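**Q** The structure that follows is given in the form of structure tokens.
The values are calculated or read from the model by the stated rules, or taken from the named source; none is laboratory data. Not measured: the values here are computed from a predicted model. Quick reminder, even Gly has a Cβ in these numbers, built from the backbone with ideal geometry, and neighbours come from all protein chains shown.
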Amino acid sequence: MAFGQTVMNLYDGSIPNSKPSAVEETLATDANGISRVSGVTAPTLTAYFPKGGVANTGKAIVICPGGGYSILAITHEGHDIAKLLAEHGIAAFVLKYRLPSDEIMVDKRIGPLQDAQRALQLVREHADEWGIRKNQIGIAGSSAGGHLASTLSTHYQKAVIDNPKETSLRPDFSLLLYPVISMQQELTHEGSKNNLLGSNPKPQDIILFSNELQVSKDTPPAFLVHAEDDGAVPIANSEAYVKALEKYGIAAKLIRYPQGGHGFGLHNKTTSDKWFDHFLVWLDSL
């Protein structure tokens, strides 16, 4: 487990909150080489450890790809980011999480969060074995994956998985790329909201999963990236989360790009600026 890439099942035994179904996992790759996964019923964690010759920083990040809670853009919002992190001495774990679905889950609202909590739990409980510092484990997410990452960052105190060792489920920091933060009508991405909460959600669920409203003094610091011309997820999502963090004096940085749209991953083609470089500096400053 010291170097390279390893795939592991997220759960050792039964998968919580699941029910029997005929759903099968599918993988589709388009002409641009972007792979999309759907129908996940057996979640996994793919680990990328720093390879020989790269100094291990002791830091680790669990990565949640986006896709509107309907698919996972697992290449450019998952594996590509993980490989680059590992090249900089940061262990990275791509989470292939279950997408909210009444067909495969008893309660679809908490299904993705269960997988995110379990991923963080797994990494923290194996930290010594994997050369990771237990207080340097973060969460990253893009788009709807950013909603999941910010949900974990604000809903870690209530475990929705078994946690017999009472392992901390709190990320130490978060990286949010053009994230869906809010379920409120004026901010949200409708597709993500409908997939997670249904077409007629309860008002209390809208509030509960609007993560800008769930920030507390213990919410971890966050680094966000968003384009002002994002037509899918308004930059107001990131702005609202930063404002909520700053209210409590929590470190927050938003990299704003005038252009770039949505879903650009590591590479915003409208600029030569690399948000990843800024992120590394920010992470070192924590």
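**Q** Looking at region 203-211, can you tell me whether even one residue there is farther than 15 Å from residue 237 by Cβ, acidic (Asp, Glu), assigned to a helix (DSSP H, G or I) and in contact (Cβ under 8 Å) with a residue 40 or more places away in the chain?
**A** We begin by selecting, within region 203-211, every residue farther than 15 Å from residue 237 by Cβ; these are 203-205, 207-208.
Next, from what is left, pick out any that are acidic (Asp, Glu): 205.
Now narrow it down to the ones that are assigned to a helix (DSSP H, G or I): 205.
Filter once more, keeping what is in contact (Cβ under 8 Å) with a residue 40 or more places away in the chain: 205.
Checked against the condition, which is being farther than 15 Å from residue 237 by Cβ, acidic (Asp, Glu), assigned to a helix (DSSP H, G or I) and in contact (Cβ under 8 Å) with a residue 40 or more places away in the chain, region 203-211 yields at least one hit.
**Q** Any residue at all in region 103-121 that is over 22 Å from residue 211 (Cα atoms) and either within 12 Å of the chain's Cα centre (by Cα) or part of a helix (DSSP H, G or I) (or both)?
**A** Of the residues in region 103-121, the ones over 22 Å from residue 211 (Cα atoms) are 103-106.
Okay, now just the ones that are also either within 12 Å of the chain's Cα centre (by Cα) or part of a helix (DSSP H, G or I) (or both), so none.
No.
**Q** Within region 156-187, work out how many residues are more than 30 Å from residue 231 (Cβ to Cβ), among the hydrophobic types (A, V, I, L, M, F, W, C) and in contact with a helix residue (DSSP H, G or I) (Cβ under 6 Å, 6 or more places away or on another chain). Before the answer, list the steps.
**A** Keep residues of region 156-187 that are more than 30 Å from residue 231 (Cβ to Cβ), which gives 156-170, 172.
Those still in the list that are among the hydrophobic types (A, V, I, L, M, F, W, C) too: 159-161, 169.
Retained after the next criterion (residues that are in contact with a helix residue (DSSP H, G or I) (Cβ under 6 Å, 6 or more places away or on another chain)): 160-161, 169.
So the count comes out to 3.
**Q** Using beta carbons and a limit of 9 Å, which pairs, at least six apart or on different chains, have the first residue in region 174-189 and touching a residue at least 40 places away in the same chain (Cβ under 8 Å) and under 11 Å from residue 66 (Cα atoms) and the second one of a type in the set (Val, Ile, Thr) and in a loop (DSSP other than H, G, I, E, B)?
**A** Pairs that qualify, where the first residue is touching a residue at least 40 places away in the same chain (Cβ under 8 Å) and under 11 Å from residue 66 (Cα atoms) and the partner is of a type in the set (Val, Ile, Thr) and in a loop (DSSP other than H, G, I, E, B), are 178/233; 178/235; 179/233; 180/188; 180/233.
**Q** Quick one: is residue 18 at pLDDT 95 or above, within 15 Å of residue 96 (Cβ to Cβ) and crowded, with 17+ Cβ neighbours inside 10 Å?
**A** Working: at pLDDT 95 or above: yes; within 15 Å of residue 96 (Cβ to Cβ): yes; crowded, with 17+ Cβ neighbours inside 10 Å: yes.
The answer is yes for residue 18.
**Q** Something else about it: Would you pick out the residues in region 127-143 that are under 15 Å from residue 90 (Cβ atoms) and under 9 Å from the mean Cα position of the chain (by Cα)?
**A** Those that are under 15 Å from residue 90 (Cβ atoms) and under 9 Å from the mean Cα position of the chain (by Cα): 139, 140.
**Q** Sticking with this structure for a sec: Looking only at residues that are among the small types (Gly, Ala, Ser) and within 15 Å of residue 146 (Cβ to Cβ) in region 233-259, which one is surrounded by the most Cβ atoms within 10 Å (Cβ to Cβ)? Quick ask: steps written out before the conclusion?
**A** Of all residues in region 233-259, those among the small types (Gly, Ala, Ser) come to 236, 238, 240, 244, 249, 251-252.
When the remaining residues are screened for being within 15 Å of residue 146 (Cβ to Cβ), the result is 236, 238, 240, 244, 252.
Details: 236: 17, 238: 29, 240: 20, 244: 21, 252: 23.
Out of the qualifying residues, it is 238.
**Q** Can you run down the residue pairs with Cβ atoms below 8 Å, 6 or more apart or on separate chains, where the first is in region 50-74 and surrounded by fewer than 19 Cβ atoms within 10 Å (Cβ to Cβ) and charged (D, E, K, R) and the partner is at pLDDT below 95 and part of a loop (DSSP other than H, G, I, E, B)?
**A** 51/3
**Q** Right, here's the next one. Within region 21-41, count every residue that is assigned to a loop (DSSP other than H, G, I, E, B) and either surrounded by 14 or more Cβ atoms within 10 Å (Cβ to Cβ) or among the charged types (D, E, K, R) (or both). Steps first, please.
**A** The initial filter retains those residues of region 21-41 that are assigned to a loop (DSSP other than H, G, I, E, B), namely 21-25, 30-34, 39-41.
Keeping just the survivors that are either surrounded by 14 or more Cβ atoms within 10 Å (Cβ to Cβ) or among the charged types (D, E, K, R) (or both) gives 23-25, 30, 34, 39-41.
Final tally of qualifying residues: 8.
**Q** Of 205, 230, 273, which residue is more than 19 Å from residue 152 (Cα to Cα), surrounded by 14 or more Cβ atoms within 10 Å (Cβ to Cβ), at pLDDT 95 or above and of a type in the set (Asp, Glu)? Before the answer, list the steps.
**A** Working: 205 fails: more than 19 Å from residue 152 (Cα to Cα); 273 fails: surrounded by 14 or more Cβ atoms within 10 Å (Cβ to Cβ).
Just a single option satisfies the conditions, and that option is 230.
**Q** Give the residues of region 224-265 that are in contact with a helix residue (DSSP H, G or I) (Cβ under 7 Å, 6 or more places away or on another chain) and either of a type in the set (A, V, I, L, M) or in contact (Cβ under 8 Å) with a residue 40 or more places away in the chain (or both), sorted by residue number. Steps first, please.
**A** Initial filter on region 224-265 (in contact with a helix residue (DSSP H, G or I) (Cβ under 7 Å, 6 or more places away or on another chain)): 224-226, 240-241, 244, 252-255, 265.
224, 225, 226, 240, 241, 244, 252, 254, 255, 265 - these are the residues of region 224-265 that are in contact with a helix residue (DSSP H, G or I) (Cβ under 7 Å, 6 or more places away or on another chain) and either of a type in the set (A, V, I, L, M) or in contact (Cβ under 8 Å) with a residue 40 or more places away in the chain (or both).
**Q** Only residues that are among the acidic types (Asp, Glu), touching a residue at least 24 places away in the same chain (Cβ under 8 Å) and more than 18 Å from residue 66 (Cβ to Cβ): list them for region 107-136, please. Outline the logic, then answer.
**A** Of all residues in region 107-136, those among the acidic types (Asp, Glu) come to 107, 115, 125, 128-129.
Still in the running and touching a residue at least 24 places away in the same chain (Cβ under 8 Å): 107, 115, 125, 129.
Of everything in region 107-136, those that are among the acidic types (Asp, Glu), touching a residue at least 24 places away in the same chain (Cβ under 8 Å) and more than 18 Å from residue 66 (Cβ to Cβ) turn out to be 107, 125, 129.
**Q** Considering region 61-91 alone, what residues qualify as being in a helix (DSSP H, G or I) and farther than 13 Å from residue 119 by Cβ?
**A** Within region 61-91, 75, 76, 77, 79, 80, 81, 83, 84, 85, 86, 87 meet the criteria.
**Q** Return the residues of region 216-258 that are small (Gly, Ala, Ser) and assigned to a loop (DSSP other than H, G, I, E, B); say none if nothing qualifies.
**A** Let us first name the residues in region 216-258 that are small (Gly, Ala, Ser), namely 216, 222, 227, 231-232, 236, 238, 240, 244, 249, 251-252.
Across region 216-258, the qualifying residues are 216, 231, 232, 249, 251.
**Q** Which numbered condition trips up residue 185, out of (1) modelled with pLDDT of 95 or more; (2) over 19 Å from residue 115 (Cβ atoms); (3) not charged (D, E, K, R)?
**A** Single failed check for residue 185: (1).
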